[in-house]
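The values are calculated or read from the model by the stated rules, or taken from the named source; none is laboratory data. Just so it is clear, the structure is predicted and the values come from calculations on it, not from any experiment. With ideal geometry, Cβ positions are generated from the backbone for all residues, glycine too; neighbour counts draw on all protein chains shown. Heavy atoms of the whole protein, side chains included, go into the accessibility calculation; ligands, DNA and RNA do not. Shrake-Rupley method; radii C 1.70, N 1.55, O 1.52, S 1.80 Å.
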Amino acid sequence: SLASTAITCFTRGLDLRKETEDVLCPANCPLWQFYVFGNGVYASLSSVCGAAIHRGVITSAGGAVRVKTLPGQEHYPAVNANGIQSQVLSRWASSFSVTGIKSIALEAVGRSVSTARPSTGKRPKKPLDKKAGNKDCKADIAFLIDGSYNIGQRRFNLQKNFVGKVAVMLGIGTEGPHVGVVQASEHPKIEFYLKNFTATKEVLFAIKELGFRGGNSNTGKALKHTAQKFFSLENGARKGIPKIIVVFIDGWPSDDIEEAGIVAREFGVNVFIVSVAKPTTEELGMVQDIGFVDKAVCRNNGFFSYQMPTWFGTTKYVKPLVQKLCSHEQMLCSKTCYNSVNIGFLIDGSSSIGDSNFRLVLEFISNVAKAFEISDIGSKIAVVQFTYDQRTEFSFTEYTTKEKVLSAMRNIPYMSGGTATGDAISFTTRNVFGPVKDGPNKNFLVVLTDGQSYDDVRGPAAAAQKAGITIFSVGVAWAPLDDLKDMASEPRESHTFFTREFTGLEQMVPDVIRGICKDFLDSKQ
């Protein structure tokens, strides 16, 4: 038939019902809202009109298009054509192609818009893989947008358009990037969380609906709030995925941003700053801290700051920013001492300790371990008990959750026997740290003893340190200070702890944790 069906900007291939269907695309669909997967052969999830413009069959002035249903395929490629960036999709159950038709355009104009009805034909049902998104880009991103009087309503809308374009190009999806938005003004407002939307279309709609708040640009306050509150697991943050805040600043912040930058780094968040309309020479006098960008970003190495001269003509800035946000290996702030260390506990099981004090030792190591994010991709814990002999209670790879580590610690039986600390250090270096020595985590050994060692500790400790293990020594009761200092890493003062009574171990927990974190940070600078 010659008649063609008028469709909307958002009609997808899977909304059409015939094997071959002639449709009419409207004019002036907003290009950046198009959702297109593939090139030439498009996943049926794609917008029909978007695919037609991408293919060059029509322009943004609209027109008639013939849509042909095709079988699904593996790997729809991402290609930039005619102002539309198509996206990668690893597989989909059905596809379509688009070709131009000139003759029927006129008759179609008068016809009403057909709303897509559910499919009744033989076409495959929409598969359950609800759009995995760009799996190569693993990121949980908060866009911290400027909602202050500095930017004003008009530029606020341009900012929203830019964030929308970035969101489209990221390839949001269940297994791809997740995004949320926080608006900075007088008081920060979390507009939506990571868990609220996992499809680009929903995100675009939510961005479009954002209202301008106005007020001072208290970016520091908003950044701190976002770093502390936005990335919780219950709000949709995912384990082991880099946390990123992209801060948009029009002009300059009204408040101090340095402290917020420190908090973000402590929380393992990578802060990017996109500054638009830098302060002019005349305005610099009004800026609280001229170096505000360098103080807030994750690392002052040029990678985390991004500049745009104005909010107009920003399309060319979208792709380079997206490439940065998807560079997993550059996210230097994701690694914190809490999620990137291996801590081995070497605990004395000699007969002078006794059963009830041994329980206090286990409580101490549990309380230290509890502070860390233990997982297969995070921090790891191992325990060795020693007398004259050594026994690996569990290795770094044995338990990958905090619950399992803590329950294994509770169940460690007391050995009772002599004290050969030097031998035990050598054993642990070889058997426990050996298998992980090339891994990404920084290695720590906490040695806990209550007495004099029968063998030399200095040689084995030096060898452990040479193998990249930082040693903290914790002595109780009769442990000689010389032994403790001989085992400890430099500076020895801050790596040596001592208490007369086993009950004093509890107070040392925060200091040991702080010591591990300080060493971790020093090693990263």
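Computed quantities for the displayed model
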read-out: Rounded accessible area of Asp438 (nearest 10 Å², 1.4 Å probe); value: 140
read-out: Qualifying GluC sites (Glu not before Pro) in the range 1-81, DSSP loop, other Cβ atoms within 10 Å at most 16; value: Glu19
read-out: Chymotrypsin sites (Phe, Trp or Tyr not before Pro) restricted to the range 304-393 and DSSP loop, no more than 11 other C-beta within 10 Å; value: Phe312
read-out: Of the DSSP H helices in the chain, those whose Cα atoms cover at least 20 Å axially and whose Kyte score averages -1.0 or more; value: 152-170, 355-370, 505-524
read-out: Angstrom value of the Kirkwood radius, inverse mean 1/r, which spans all Cα pairs in the range 230-334; value: 14.8
read-out: At most 16 other Cβ within 10 Å, DSSP loop - GluC sites (Glu not before Pro), the range 379-487; value: Glu398
read-out: Range in the chain, longest, excluding exposed trypsin sites (Lys or Arg not before Pro) [loop by DSSP; at most 11 other beta-carbon atoms within 10 Å]; value: 240-499
read-out: Distance from the range 1-68 to the range 469-507 (C-alpha centre basis), Å; value: 71
read-out: Over the range 140-334 - Rg/Rh using Cα atoms and the Kirkwood inverse-distance radius; value: 0.92
read-out: Solvent-accessible area, 1.4 Å probe, carbon plus sulfur percent, for the chain; value: 52
read-out: For the range 143-214, Kirkwood radius (reciprocal of mean inverse C-alpha pair distance, Å); value: 12.3
read-out: Size-normalised alpha-carbon gyration radius of the range 341-523, reference 2.2 N^0.38 Å; value: 0.91
read-out: Per residue value of the accessible surface for the range 140-334 (all protein chains in place, 1.4 Å probe), Å²; value: 41
read-out: Three semi-axes of the equivalent ellipsoid, the range 183-238, Cα gyration tensor, whole Å, largest first; value: 21, 17, 6
read-out: Kirkwood Rh and Cα Rg combined as Rg/Rh, the chain; value: 1.12
read-out: The range 456-521: projected area of the alpha-carbon convex hull, averaged over directions, in nm²; value: 4.5
read-out: In Å², nearest 10: area of Trp252 left accessible to a 1.4 Å probe; value: 40
